[in-house]
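Enquirer: Have a look at this one.
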Amino acid sequence: MPANFADKSCVITDMIKETPDVTLFRFEPEDKTRMDFEPGMFVMVAYVDPATKEKTARAFSIASAPSQDFLEFYISMVHGKLTSRLENAKVGERYYITGPYGQFKFSPDADRKVLFLAGGTGLAPFMSMLREIKLLSSGNDVSMLYSVKYPNEVIRKSELAELGSQINLKTHITVTRPQPGDGWTGQTGHIDSEMIKRYAPDFAERMTYICGPLNFAQAMKDALMALGVPSERIKSDVWG
Ligand SMILES: Cc1cc2nc3c(=O)[nH]c(=O)nc-3n(C[C@H](O)[C@H](O)[C@H](O)COP(=O)(O)OP(=O)(O)OC[C@H]3O[C@@H](n4cnc5c(N)ncnc54)[C@H](O)[C@@H]3O)c2cc1C
């Protein structure tokens, strides 16, 4: 079990606009100690208003691997309370991080063959898992279906391509709202039973992990049930 940390003072070290709506944030602890977690877990990120001392905390899935010196997140700018603050954040700004939380955990030793089903920013925990597989050279066999609305919404596109040549990973991206002239020539449409069979014909041998918004997670479970995958072979993490 990872050791807990509470209200750990962290500063923003990087902000990268990954897509029109999603910004990548990296935070590093001010005391330079590493925060313990397992790939797949999430933390609470809190901002404390210096004037009023009001604290606003929200959950975010960790995209970095446990051995990296920073915590990385992919945050959809939905113009809510914390994301509005993050939209105007600056490198060096201080936040407080508490965790880790969650049962959506990946152990490279236990699940040798896996199927990852990611929807939008639901890619985050899978990036943590993929980076861990690479850093440990654990050799897991990974098939990933990653669903985005538009081609420009793919997060970490070049890193995913690079990982595909470094570890045993096959990523299949599907665009659910292709537009005329968007240049997308790849797979389109929502992930369903047929798509799972096409890209992961050996799905029955794989432990399946699902992460994304509520309607995405439900649709994935329905597709897997239709294929006869028992619920104990499915792990899911949902937000929204
Ligand atoms: C386990 C877990 C993991 C998560 N991981 C991630 C992650 O990796 N990445 C990620 O992006 N999110 C993640 N989330 C969601 C995240 O915790 C927040 O809910 C999200 O960032 C919105 O927070 P907020 O304070 O900006 O919005 P809130 O203020 O809490 O508002 C919630 C919703 O209401 C809408 N809203 C708020 N104010 C207005 C307004 N004035 N007018 C219209 N609509 C409004 C917002 O658009 C938002 O959709 C996760 C959630 C959970 C539970």
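Each reported figure results from applying straightforward, stated rules to the coordinates on display, with no laboratory input. Just so it is clear, the model here is predicted, and its values are computed rather than measured. Using ideal geometry, Cβ is built from the backbone for each residue, glycine included, and neighbour counts are taken over all protein chains shown.
Enquirer: Which residue pairs have Cβ atoms under 8 Å apart, sit 6 or more places apart or on different chains, and have a first residue in region 179-196 that is of a type in the set (Phe, Trp, Tyr) and a second that is surrounded by 12 or more Cβ atoms within 10 Å (Cβ to Cβ) and part of a strand (DSSP E or B)?
Expert: Here the result reads Trp184/Val175, each pair linking region 179-196 to a residue that is surrounded by 12 or more Cβ atoms within 10 Å (Cβ to Cβ) and part of a strand (DSSP E or B).
Enquirer: Does Gly120 satisfy the condition of being touching a strand residue (DSSP E or B) at 6+ places or on another chain (Cβ under 8 Å), within 12 Å of the ligand (Cβ to nearest atom) and under 26 Å from Thr176 (Cα atoms)?
Expert: yes
Enquirer: What number of residues within region 59-95 satisfy the criterion of being under 14 Å from the mean Cα position of the chain (by Cα), among the hydroxyl-bearing types (Ser, Thr, Tyr) and away from the ligand (no atom under 11 Å from the Cβ)?
Expert: So the count comes out to 1.
Enquirer: Among the candidates Val45, Val114, which residue alone is of a type in the set (A, V, I, L, M, F, W, C), buried (at least 17 other Cβ atoms within 10 Å of the Cβ), more than 12 Å from the ligand (Cβ to nearest atom) and touching a residue at least 40 places away in the same chain (Cβ under 8 Å)?
Expert: After ruling out the rest, the residue left standing is Val114.
Enquirer: Which residues, taken from region 96-111, are within 16 Å of the ligand (Cβ to nearest atom) and surrounded by fewer than 22 Cβ atoms within 10 Å (Cβ to Cβ)?
Expert: Tyr96, Thr98, Tyr101, Gly102, Gln103, Phe104, Lys105
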